[in-house]
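Novice: Quick one: this structure, given as C-alpha cells, is what I'll be asking you about.
The values are calculated or read from the model by the stated rules, or taken from the named source; none is laboratory data. This one's a predicted model, so the numbers in the text were calculated from it and none came from an experiment. A quick note on method: Cβ atoms are made from the backbone with ideal geometry, for glycine too, and the neighbour counts reach across all protein chains shown. Calculation scope for accessible area: heavy atoms of the full protein, side chains included, ligands and nucleic acids excluded. Shrake-Rupley method; radii C 1.70, N 1.55, O 1.52, S 1.80 Å.
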Amino acid sequence: MVMIMKKLILLLIVISLMICVCGCSVSNMKGQDKIDRMLSYINNKYADDSFEYVSVTGGHLGSNTTKIIVKSEKFPEKEIRVICSEVDGDQVFSDTYLNVKFEEQTYTYIRDALTRLYGDNIYLKYIPDYTASMEGGTSSTTFEEYIADSSTCIYFSAAVPGKADNEEEELSKIKDSFKNAVVSGHIFYIDSNESIQDSANALIDAKAYAKRLYIVKENISEYSKTEWTDGA
C-alpha cells in the first residue's frame, strides 16, 4: 500500500511538472508572438528605418500593457520604446520614435526661443518623453507638425538671467516665442552676472532664484497653466 501511494505521488509530481513546462512553453510562444507583432508594427510604420528587439521594459509580456526597447538603425545609441496596450480586447500600439528622431531639433528650437529673449547666458535641460509620442505620427511627419501637435509631450527646464519684475510682460514674451509649439516647462529667473550654465542646478536646488514661471500649453493657442512663484 505504501509503495502504491509513493508511485501515485511520484506520478502526480511528474504530471504537474509536465503541465508547468507546457504552460511556460505556451506563455513563451505568446510572448514571442507579441514581440514579433510589436516589431512588425514599428518597422511598417517607419519603413525608412529598421528596428531590432533589445529587451522588455516596465512590465512583462503577459500584462495588459507591454513595453519593449528597440534599436534603430538610424539612431543606434538611443532607446526607443514600443508599447502594446490591451484595450477592450484589442491591441493598440504606440511608440516614442518621433521623440528620439526630433530630440536635437527640439532642444535647438527651445534654446533658440530663449536666447532670442535672454541672450546666450542660459541653462536648458530637455529630455525627450519615453512614455508617449505624437499620436498619428508617421515617417513623413515634419518637425513643424510634430512640435505643434497637442499630443506631443515636450517638457523642459530652463534658467535665464533677470528678475522678471513685470510678470505680465515676461509671460507675453514667452508666449510669443513659443507661439508655434506646444510645450510645457519651468523657467527660473536668476539675478546674477555669473555663468548661469555653471551655477543653475545649485541655485535652483537652493531656491536662489528671483522668480519661477511654470507653463503648460494645452494646444497651439491655449495655455492650461501659467504660474509664477517667488524664490527664497
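Novice: Out of the residues in the range 152-171 meeting the condition of being buried (at least 20 other Cβ atoms within 10 Å of the Cβ) and among the small types (Gly, Ala, Ser), tell me which one is nearest to GLU103 (Cα to Cα).
Specialist: Result: ALA158.
Novice: Sort out which residues of the range 204-220 are over 23 Å from the mean Cα position of the chain (by Cα) and farther than 20 Å from ILE127 by Cβ, and write them in order of number.
Specialist: Those that are over 23 Å from the mean Cα position of the chain (by Cα) and farther than 20 Å from ILE127 by Cβ: ALA206, LYS207, ALA208, TYR209, ALA210, LYS211.
Novice: With the requirement that a residue be on the phi > 0 side of the Ramachandran plot and outside any loop (DSSP other than H, G, I, E, B), what does the range 204-222 give you?
Specialist: None - no residue of the range 204-222 is on the phi > 0 side of the Ramachandran plot and outside any loop (DSSP other than H, G, I, E, B), so the list stays empty.
Novice: Looking at the range 112-133, can you tell me whether even one residue there is aromatic (Phe, Trp, Tyr), open to solvent by less than 50 Å² (accessible area, probe 1.4 Å) and without any contact (Cβ under 8 Å) to a residue 40 or more places away in the chain?
Specialist: Yes, the range 112-133 has at least one match.
Novice: Looking at (1) open to solvent by 50 Å² or more (accessible area, probe 1.4 Å); (2) under 17 Å from LEU124 (Cα atoms), which is the only condition SER192 fails?
Specialist: (1)
Novice: Select from the range 223-232 the residues that are open to solvent by less than 80 Å² (accessible area, probe 1.4 Å) and not in a strand (DSSP E or B) and list them in ascending order.
Specialist: Hit for the range 223-232 is GLY231, nothing else.
Novice: Can you tell me which condition THR152 does not meet? The list is (1) modelled with pLDDT under 95; (2) farther than 25 Å from VAL216 by Cβ, and all the others hold.
Specialist: (2)
Novice: Right, next: Can you name every residue in the range 157-169 that is under 14 Å from TYR118 (Cβ atoms) and in contact with a strand residue (DSSP E or B) (Cβ under 7 Å, 6 or more places away or on another chain)? It would help to see each step written out before you state the result.
Specialist: So in the range 157-169, the residues under 14 Å from TYR118 (Cβ atoms) come out as 158-164, 169.
Passing the criteria: ALA158, ALA159, VAL160, PRO161, GLY162, LYS163, ALA164.
Novice: Scan the range 77-131 for residues that are of a type in the set (Phe, Trp, Tyr), over 14 Å from the mean Cα position of the chain (by Cα) and not in a helix (DSSP H, G or I) and jot them down.
Specialist: Matches in the range 77-131: PHE93, TYR123.
Novice: Tell me which of these ASP149 doesn't satisfy, since it passes every other one: (1) open to solvent by 50 Å² or more (accessible area, probe 1.4 Å); (2) within 23 Å of LEU98 (Cβ to Cβ); (3) not hydrophobic (A, V, I, L, M, F, W, C).
Specialist: Single failed check for ASP149: (1).
Novice: A further question follows. Those residues that are over 23 Å from ILE187 (Cα atoms) and in a loop (DSSP other than H, G, I, E, B), I need them from the range 134-165; list them, please.
Specialist: Correct list: MET134, GLU135, GLY136, GLY137, THR138, SER139, SER140, THR141, THR142.
Novice: Right, here's the next one. Contact list please: Cβ distance under 6 Å, first residue in the range 213-232 and more than 22 Å from ASP149 (Cβ to Cβ) and touching a residue at least 60 places away in the same chain (Cβ under 8 Å), second residue outside any strand (DSSP E or B) and not small (Gly, Ala, Ser), pairs at least six apart or on different chains.
Specialist: TRP228/GLU167
Novice: Every residue in the range 172-198 that is closer than 14 Å to PRO161 by Cβ and part of a helix (DSSP H, G or I), please.
Specialist: Result: LYS173, ILE196, GLN197, ASP198.
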